[in-house]
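Bear in mind that the values in this text are calculations on the coordinates, not laboratory data. None of these values were measured; they are calculated from a predicted model. Please note: Cβ atoms are built from the backbone with ideal geometry, for glycine as well, and neighbour counts cover all protein chains shown.
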Amino acid sequence: MKIKQTRAKKETRPRNRTKKQAGRREAKKEETKRQILTAALELFREQGLDGTTTRQISKRAGIAEGTLFNYFKTKEDLALYFFQKETNDLVEWFESNARLKKAGLPEKLFAIVHRQLEYIEPYEDFIGAVFFRSLQPSSKLSPLSLESQELRVKYLRFIKDVLVEAEEKGEIPPTGDLGAYAFGLYYMGIVLHWLHDTSKGKQKTLALLDRSLNIATKVLGQGGWEW
């Protein structure tokens, strides 16, 4: 019996060591990706998306250009990673906010969109360029691309969970997947308005956001989702 236990321990140690090594490698990769993203966003803010080269990004990030291509094949891949990080940070922030999770649906949705606008605010020109590129069917940023759809589905599932919770509380009737899709389109409209908003602190966009969410929630609460 002792011999078997010793063998088992010897077999377990290499496996645990391999898992730890794999975990460290993944952490290192993620750290490098964030380092590249930070450098890229700085350059995008300084000279625009189209005016920035991969060589400049790699130099600013302190890595070889070949290393950059190991992580991001194109600047569009960098943009997709930016939005992936935005979605991940948004979900993590929401789940850790106990007070907000107890709030009513309009307050929740306002806080979610406001958080997203705060995230993209330092990179307004970059976001505008991304929206322009997304209109090109061949772009990875296009809503029709699989890469873009993967990100969109994760965000829509998060929104659906928020809506389902409101349904269970009786705030709104069941909306199904259509409710999440409708909110996704609504958010895109808000971002477009935000991009063209010249008011101080984007106050017109925030006012529109507040009014529209309250009106929409009241309409839904009165059973206005019947088609």
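In terms of surrounding Cβ atoms within a 10 Å radius of their Cβ, T74, T175 rank from fewest to most as T74, T175. A simple rule links phi to the HN-Hα coupling: the Karplus curve 6.51 cos²θ - 1.76 cosθ + 1.60 with θ = phi - 60°, which for region 41-58 gives 5, 4, 5, 4, 5, 7, 9, x, 5, 6, x, 9, 9, 5, 5, 5, 5, 5 Hz, with x for Gly and Pro.
Here region 88-104 and region 186-202 have alpha carbon centers that stand 23 Å from each other.
Counting beta carbons within 10 Å around each of E165, E26 and listing the fewest first gives the order E26, E165. Go ahead and estimate [θ] at 222 nm for the chain from helices alone: -39,500 (n - 2.57) per DSSP H run with n ≥ 4, summed, over the residue count, rounded to 500. Only helices count here, giving -26500 deg cm²/dmol.
Listed by Cβ neighbour count within 10 Å, with the fewest neighbours leading, K202, K154 appear as K154, K202. In a reduced charge model with +1 at each Lys and Arg Cβ and -1 at each Asp and Glu Cβ, the chain shows a dipole moment near 1980 debye about its Cα centre. With a/c under 1.5 counting as rounded, go ahead and sort region 110-155 into rounded, prolate or oblate using the C-alpha gyration tensor (a ≥ b ≥ c being the square roots of the eigenvalues; past the cut-off, prolate if a/b is larger than b/c, else oblate). Judged from the Cα gyration tensor, region 110-155 comes out oblate (a/c at least 1.5, b/c at or above a/b). What the phi angles of region 146-159 give under the Karplus curve with 6.51, -1.76 and 1.60, with θ = phi - 60°, is a coupling list of 5, 4, 5, 5, 4, 5, 4, 5, 4, 5, 5, 5, 4, 4 Hz, glycine and proline written as x. When only Cα pairs below 8 angstrom with a gap of at least 6 residues are kept, region 119-169 shows a relative contact order of 14 percent. Shape class of region 26-83 from the alpha-carbon gyration tensor: prolate, with a/c at 1.5 or above and a/b greater than b/c.
Specify which labelled value, from [x] 13.6; [y] 18.5; [z] 12.4, agrees with mean projected area of the Cα convex hull in nm² derived from the coordinates of the model shown. So the calculated entry is the one marked [y].
Counting only alpha carbon atoms, the long axis of helix 75-96 and the longest principal axis of the chain meet at about 80°.
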